[in-house]
Each structure stands twice: as C-alpha cells, then as structure tokens.
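A short write-up of the structure that comes next.
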Amino acid sequence: MSDGLPYEVRRVQGEAEMAAALTLRHDVFCVEQGVPMREEIDGRDGEGVHLVAVSNGGLLATCRLLFVGPTVQFSRLAVRESARRQGIASALLHLADAETRAGGARRLVLHAQTYARDLYEAAGYEPRGRIFMEAGIEHIAMEKRLS
Ligand SMILES: CC(C)(COP(=O)(O)OP(=O)(O)OC[C@H]1O[C@@H](n2cnc3c(N)ncnc32)[C@H](O)[C@@H]1OP(=O)(O)O)[C@@H](O)C(=O)NCCC(=O)NCCS
C-alpha cells in the first residue's frame, strides 16, 4: 500500500490478475458503456504494459500503455463502479507517467471520453483537435509531455 491509501497501484502480476483486468474491462466498456467487444479487444494487449489497482487481492481498476517509439498510447482505463471517485484513476495516471519515463518515452497520448476530460486535465493532459465519435461515444484527443 502507498500513501496510506487502501489500495495499491502497480503492474499487473500473473495470468489470473490479467484475466481479472480483462473481465473488468469487459464489464465496464462492453456491458456498462456498450462498446463492441471487437473494439475493446483489439489484438494489442500482448504488447501492452498493464497497470492495476488492487485492494485485498481484489482488482479495482486497470489501464494499458502501448509504447510506440517515443510516445505512449494510454487506453483502457476502467475503475470498478463501486470504487469510483476515490482517486484511483488519478493514481493510475500518475503511475503511467513513471512507467513512460522508465520506458524511455516522454509523451503520452489518449482518446478521452469527453465526460472524463477533467480527470485528464487535472493530470496535466491538454486537448488536441476536435471532438469525434469512437465506439459511439464522444471523445477528444489529449496529450501530455513529460519534462
Ligand atoms: C472515468 C473513470 C476512469 C474515473 O475513475 P475514478 O477513479 O473515479 O477517477 P478519480 O477519482 O481519480 O477522479 C479524479 C477527477 O476526475 C474527474 N472525474 C472523475 N470521474 C468523473 C465523472 N464521472 N464525471 C466528471 N468528472 C469526473 C473529477 O474531476 C475527479 O475529481 P473529484 O472526484 O474530486 O471531482 C471511471 O469513472 C470509469 O472507469 N468510467 C468508466 C470507463 C471510462 O469512461 N473510462 C475512461 C475512458 S476515457
């Protein structure tokens, strides 16, 4: 545990935890938000760095980082509904910065659902371009450069 918080954020560990992360993504994106499964599972999980938040062995949240040259594509950020508004997504975004630096990249890009834009702006991301539709949901591209 870190900073006295009742959860830990770190890289995913082992196959069972990765399976739990994929189940959470399915529940949040496909069941809750109606994203088609073929878009949620895009064939790139094998090349990604997966981060999780865990509490007492239970998986609370996950996200994925794809390293593409000097840039990290951040995606698949999902927090269990009962665990939201406790700073868990913000903690994963903070860890994503550290992972990006450690991996030798200095820039993160993502497609934010517009309702969650404040989350990313608070973490230092800036909007780029116009609002567009992806998987039937309003998005905006955002990016962060690490100093
Ligand atoms: C969006 C999501 C990842 C946020 O996770 P979270 O752990 O609740 O976020 P945090 O507690 O770190 O929130 C930090 C800040 O982000 C903003 N924020 C978070 N959820 C928000 C929401 N539903 N609506 C508006 N602003 C929100 C707020 O400014 C919040 O600060 P506050 O709680 O002091 O007001 C979570 O709601 C989720 O999994 N949603 C479904 C999947 C999804 O939309 N993923 C993001 C795809 S871009």
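Some notes on this structure:
- Computed about the Cα centre, the dipole magnitude for the chain is approximately 400 debye when only Lys and Arg (+1) and Asp and Glu (-1) carry charge, each at its Cβ.
- Counting Lys and Arg as +1 and Asp and Glu as -1 over every other residue whose Cβ lies under 11 Å from the Cβ of residue 70, the net charge comes to +3.
- Per residue accessible area of the range 44-147, 1.4 Å probe, in Å²: 51 Å²
- Neighbour cut-off at most 14 other Cβ (10 Å), DSSP loop, trypsin sites (Lys or Arg not before Pro), the range 26-66: 44
- Heavy-atom surface analysis with a 1.4 Å probe gives the chain a carbon and sulfur content of 50 percent of its accessible area.
- Relative contact order of the range 7-52, pairs being alpha-carbon contacts under 8 Å that are 6 or more residues apart, as %: 58 percent
- Separation of the residue 42 and residue 75 label points, Cα + 7 Å toward Cβ, nm: 0.1 nm
- Positive-end residue, the chain charge dipole about Cα centroid, Cβ charges, pick of 131, 33, 69: 69
- Summary value for the chain: 19 percent relative contact order, contacts being C-alpha pairs under 8 angstrom separated by 6+ residues.
- Theoretical ellipticity at 222 nm over the chain - DSSP helices of four or more residues, -39500 (n - 2.57) apiece, nearest 500: -7000 deg cm²/dmol
- D_trans [Stokes-Einstein, Kirkwood Rh over alpha-carbon pairs] for the range 10-75, 20 °C, 1.002 mPa s, µm² s⁻¹: 172 µm²/s
- More than 19 angstrom apart: percent of Cα pairs within the range 28-118: 42 percent
The values are calculated or read from the model by the stated rules, or taken from the named source; none is laboratory data. Since the structure is predicted, the reported quantities are computational estimates derived from the model, not experimental observations. We place every Cβ from the backbone using ideal geometry, glycine too, and count neighbours over all the protein chains shown. Surface accessibility is based on the protein's heavy atoms, side chains included, excluding ligands, DNA and RNA. Shrake-Rupley method; radii C 1.70, N 1.55, O 1.52, S 1.80 Å.
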